[in-house]
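Here's the structure, in structure tokens; my notes come after.
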Amino acid sequence: MAEDSLARRTIIGTGWMVVWRMLTRGLGLASTLVLARLLVPADFGIVAMAGLFSTIVEGLSQVGLATALIRHPTRDRSLFDTAWTLQVLRALLVAAMLAASAPFAAWWFDETRLTAVVLVMATMSVITGFDNIALIEFQRDMRFGRYFLVLAAPRLLQVMVTISAALMLQSYWALILGIVAGRLSTSAMSYLIHPYRPGFRLDGWREFAHFSFWTWAASLAGLVRGRSDWFVLGPVSGPAGLGLYMLADETAILPVTELIGPAATALFAGFSEAQRRGGTSHLAIRVATTLLLFSAPVTIAVSASAPHVVAALLGAKWAAAEPLIAILAWQCLFIPFSAICSQFLIVRGLVELNFYGTLSAAVIKLVATLVAVAFWRDLDTIALAITLVIAAEATIYIVMLRMAGETGLRAN
């Protein structure tokens, strides 16, 4: 009975997160229809370069505090306050690193406009660091209705600000202003919706030490795995080429980002609760199989109809994205396996094993990207190489799952 209740709560949580994603993506698609006609690929490329650089720097200090709190067997104020203090300190460190390295970002991508954009990202990092850590309780307790509000309201404001600014400025600064509005409203919302007020303390740091170290290591490997293609392509293709590849990649994996991504948030909370109860992973495998059955036909449809997708969503100036979308869409068949296996390993506390899986995938992707760029410099060929790498990554994670004691992909 308890297992059925947990399954129901996980499914409801997944539903909330999928609804959130559908709502925000609907807003995002409406925004894209406007922005793709007001802005040019180079505008998206500049923001992508700044975002990529910011993500890399932030990843250097990613220690998985939220993940540790969700899966921790007890609820202790000292742990929440310690996590918030570490979160603030991390944000200040990231901001300082971003500000100091902004000129390097401009040099690496050969784009002088990046300096100011990266400095804005540094400021946003500080603001994000002061977010209310207690929002984790909504995930831990699987109260995703409240969590939905925290996510949806700032996203709505971001879209409104971005479109309004684009109409007035017709510049990449419209995208930056939208990001600023989203970050500020998220931080304010975190304190409006939860009464918890964190305080500065570090007495609970030992509870995070082992888990956070391996999470940090996996995060570094994840940066290479997730964005090495963008980082390598930036200097070679320039803002226009990177913007084209970036938007094609994001459009191609919509079946994953719109379903698997939101579901993973609820699944991790469900996995953690099952682990506290001494449960197994069969609930995760069952849900993952359901998600895969949904994403597979959608993947085929997106790949086959790439010209229509580009015409409907992006416009004629993005026609070069058609073959990229047709190729990159096939990533959606393999990403669910990687996501589910990684979630399971982390919940089980097997963060070292998860790190080795992430590191293996990162090395393969980086090498494949460098080889593809060195020999072809053709975006379509690079997209094919990346898709094959994602398939190899899924295989690696399945092997890791079996090493953790999960002998099959079916529930018992």
Exercise for the section: Please verify whether the stretch 177-196 includes one or more residues that are within 30 Å of THR112 (Cα to Cα) and either of a type in the set (D, E, K, R) or not in a helix (DSSP H, G or I) (or both). Expected result: yes
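Conditions tested, residue by residue: (1) in contact with a Phe, Trp or Tyr (Cβ under 6 Å, 6 or more places away or on another chain); (2) closer than 26 Å to GLN343 by Cα; (3) assigned to a helix (DSSP H, G or I); (4) of a type outside the set (Gly, Ala, Ser).
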{"site": "LEU35", "(1), (2), (3), (4)": "no, no, yes, yes"}
{"site": "ILE46", "(1), (2), (3), (4)": "yes, no, yes, yes"}
{"site": "ALA50", "(1), (2), (3), (4)": "no, no, yes, no"}
{"site": "THR67", "(1), (2), (3), (4)": "no, yes, yes, yes"}
{"site": "ARG75", "(1), (2), (3), (4)": "no, yes, no, yes"}
{"site": "ALA83", "(1), (2), (3), (4)": "no, yes, yes, no"}
{"site": "LEU92", "(1), (2), (3), (4)": "no, no, yes, yes"}
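Yes/no matrix, rows are residues, columns are (1) within 17 Å of ILE398 (Cβ to Cβ); (2) among the hydroxyl-bearing types (Ser, Thr, Tyr); (3) surrounded by fewer than 20 Cβ atoms within 10 Å (Cβ to Cβ):
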position	(1), (2), (3)
ALA326	no, no, no
SER342	yes, yes, no
LEU345	yes, no, no
VAL363	no, no, yes
Handout entry: Some residue of the stretch 213-234 being open to solvent by 10 Å² or more (accessible area, probe 1.4 Å) and on the phi > 0 side of the Ramachandran plot
Key = no
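One line per residue, one yes/no per condition, for (1) among the aliphatic types (A, V, I, L, M); (2) surrounded by fewer than 16 Cβ atoms within 10 Å (Cβ to Cβ); (3) under 27 Å from ARG143 (Cβ atoms):
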residue: PHE53; (1), (2), (3): no, no, no
residue: ILE56; (1), (2), (3): yes, no, no
residue: ASP76; (1), (2), (3): no, yes, yes
residue: ARG90; (1), (2), (3): no, no, yes
residue: LEU93; (1), (2), (3): yes, no, no
residue: ALA100; (1), (2), (3): yes, yes, no
Problem - Within the stretch 108-152, tally of residues that are charged (D, E, K, R), modelled with pLDDT under 80 and open to solvent by 20 Å² or more (accessible area, probe 1.4 Å) - result: 4
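For ALA391, indicate whether it is surrounded by fewer than 23 Cβ atoms within 10 Å (Cβ to Cβ) and at pLDDT 85 or above.
yes
Look at SER171 and say whether it is in a loop (DSSP other than H, G, I, E, B) and within 29 Å of THR112 (Cα to Cα).
Working: in a loop (DSSP other than H, G, I, E, B): yes; within 29 Å of THR112 (Cα to Cα): yes.
Yes, satisfied.
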Problem - Within the stretch 236-263, considering residues that are over 25 Å from SER171 (Cα atoms) and either open to solvent by 20 Å² or more (accessible area, probe 1.4 Å) or of a type in the set (Phe, Trp, Tyr) (or both), the one modelled with the highest pLDDT - result: ILE253
Practice task
Residue by residue through the stretch 323-351, note down the ones that are in contact (Cβ under 8 Å) with a residue 60 or more places away in the chain and hydroxyl-bearing (Ser, Thr, Tyr).
Solution key: none
Fill in the blank from the handout: Here the residues within the stretch 365-379 that are open to solvent by less than 70 Å² (accessible area, probe 1.4 Å) and touching a helix residue (DSSP H, G or I) at 6+ places or on another chain (Cβ under 7 Å) are LYS365, LEU366, ALA368, THR369, ALA372, VAL373, LEU379
Completion exercise
Residue pairs within 7 Å by beta carbon, gap of at least six or interchain, first lying in the stretch 151-169 and closer than 24 Å to HIS194 by Cβ, second of a type in the set (S, T, N, Q) and open to solvent by 40 Å² or more (accessible area, probe 1.4 Å), listed first then second, are PRO154/THR186
Handout entry: Condition met for MET22 (over 14 Å from LEU254 (Cβ atoms) and modelled with pLDDT under 75)
Key = no
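The values are calculated or read from the model by the stated rules, or taken from the named source; none is laboratory data. Not measured: the values here are computed from a predicted model. All Cβ positions, glycine included, derive from the backbone under ideal geometry; neighbour counts span all protein chains shown. Heavy atoms of the whole protein, side chains included, go into the accessibility calculation; ligands, DNA and RNA do not. Shrake-Rupley method; radii C 1.70, N 1.55, O 1.52, S 1.80 Å.
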